[in-house]
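The values are calculated or read from the model by the stated rules, or taken from the named source; none is laboratory data. The model shown is predicted, which means the values in this text are computed figures rather than measured ones. All Cβ positions, even for glycine, are placed from backbone atoms using ideal geometry, and neighbour counts span all protein chains on display.
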Amino acid sequence: MKNLQGKNLIFLISQPRSGSTLLQLLLSGHPDIATTSEPWIALHPIFALRKNDIATIYNADLARNALSEFLQQCGVKEEFYKDQVATFLLRFYNLAIEHQKKKMFLDKTPRYYQILFELAEIFPEAKFIILFRNPLAVLNSILKTWVKEDLSRLGGFREDLISAPKMMVDFSIQQSKRIYKVKYEDLVETPEGILKDICSFLDISFSRKMLDYNNRCFQDWKFGDPIGVKKSYHPTMDSVNNWKKGFIAEQERLLAISYITELGKELVTKMGYNYDELESIIKISFEKVANGKLISWEEIMDNKDGFLVAGMIREIKMLKGQRDLLMNSMSWKVTAPARSIFNVLSTKKKK
């Protein structure tokens with residue numbers, strides 16, 4: 001069922017930690033829908049045309065200008081490049097469809113919120129499911145799952161926390177006829193009703209098998225929710241209010257109120273949530289920031305380097321661990337005399 005316009009494509013977009021893995025698993029139970037973990041495949045080729053928002057070791061600005069010049073020398077416009085990207089992506093999507101013997105492919109890559117409008121342009125017949133979740137629940141989940149005790153890491157999720165909601169809301173408004181907008185809380189409260197609506201939106205029949213993912217082969221997925229979906233094999237309300245228990249420490253409560261304030265009432269309302277209610281649940285006095293004991297939201301959001309440094313430290317520790325394992329291995333010890341002789345001979349040659 002190949003279609004160059006993307007008629008056989010579904011894009012599921014959300015902030016990370018919003019329950020997209022759950023919705024993906026439910027939809028994967030449909031006999032027509034193929035999917036796999038998180039492909040991420042569209043980000044690189046689409047970002048190649050970006051004039052900003054991308055940093056690479058080879059200088060992304062120069063690469064973008066070089067690509068533009070190359071296209072001119074080929075006598076084509078950027079639209080031609082986009083068409084080729086669409087063909088490239090569809091080749092892989094269709095391979096997945098054929099391999100899984102299905103009719104449609106669901107690409108669940110949360111950070112596609114960065115390229116929503118480009119995807120809509122190159123795949124004019126693709127459909128989009130936009131999943132929202134209470135922003136304070138998202139923040140709490142990121143803190144508990146990824147950040148943990150190291151607040152310096154939170155700045156690395158600035159785009160996920162601040163940019164994603166606005167991009168998703170703007171896209172939902174502009175592309176209203178091509179999107180199905182759903183809240184995580186509604187999904188777990190009335191999963192059958194939501195799935196029936198989504199199936200109607202996708203023009204496919206509803207299947208009750210979608211409601212239970214007990215026998216789905218998702219254990220080998222390397223991306224997505226590593227915790228929540230394994231606690232049950234069907235949607236539950238257990239996680240809806242967990243965030244209220246999460247912001248216990250003053251620092252966490254400060255981050256929560258700062259985050260909701262950063263998003264603003266208008267955006268939170270457009271996401272489908274009651275700003276005043278969320279604010280009243282979590283609110284604390286900002287005077288506590290003045291005593292210097294708490295780190296402000298602005299300081300943490302500006303600390304992207306802390307996130308990168310933390311990643312480098314983990315990488316170094318891993319490499320050191322691999323080195324120690326190698327040096328303690330039997331093969332390394334057995335070959336030590338031969339390596340010593342070789343080093344001596346190499347030194348004498350240089351002299």
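For residue 222, state whether it is at pLDDT below 80 and assigned by TED's automatic domain parsing to the domain that holds residue 126. It is true that residue 222 is at pLDDT below 80 and assigned by TED's automatic domain parsing to the domain that holds residue 126. If the condition is being assigned to a helix (DSSP H, G or I) and either at positive phi or in contact (Cβ under 8 Å) with a residue 40 or more places away in the chain (or both), then the stretch 70-92 contributes 82, 85, 86, 87, 88, 89, 90, 92.
For residues in the stretch 42-60 being charged (D, E, K, R) and over 17 Å from the mean Cα position of the chain (by Cα), which is farthest from residue 120 (Cα to Cα)?
In the first step, residues of the stretch 42-60 are kept if they are charged (D, E, K, R); the result is 50-51, 53.
Subset that is over 17 Å from the mean Cα position of the chain (by Cα): 50-51.
Details: 50: 16, 51: 19 Å.
Out of the qualifying residues, it is 51.
Please count how many residues of the stretch 98-118 are more than 22 Å from residue 130 (Cα to Cα) and not in a loop (DSSP other than H, G, I, E, B).
Filtering the stretch 98-118 for residues more than 22 Å from residue 130 (Cα to Cα) gives 98-102.
Filter once more, keeping what is not in a loop (DSSP other than H, G, I, E, B): 98-99.
Looking only at that region, the number is 2.
Considering the stretch 181-207, and only residues there that are within 24 Å of the chain's Cα centre (by Cα) and without any contact (Cβ under 8 Å) to a residue 24 or more places away in the chain, the residue that is surrounded by the most Cβ atoms within 10 Å (Cβ to Cβ) turns out to be 194. Residue count for the stretch 94-118 under the criterion of being farther than 17 Å from residue 49 by Cβ and more than 11 Å from the chain's Cα centre (by Cα): the result is 14. When residue 110 is tested against (1) under 30 Å from residue 188 (Cβ atoms); (2) modelled with pLDDT of 95 or more, just one condition goes unmet, and that condition is (2).
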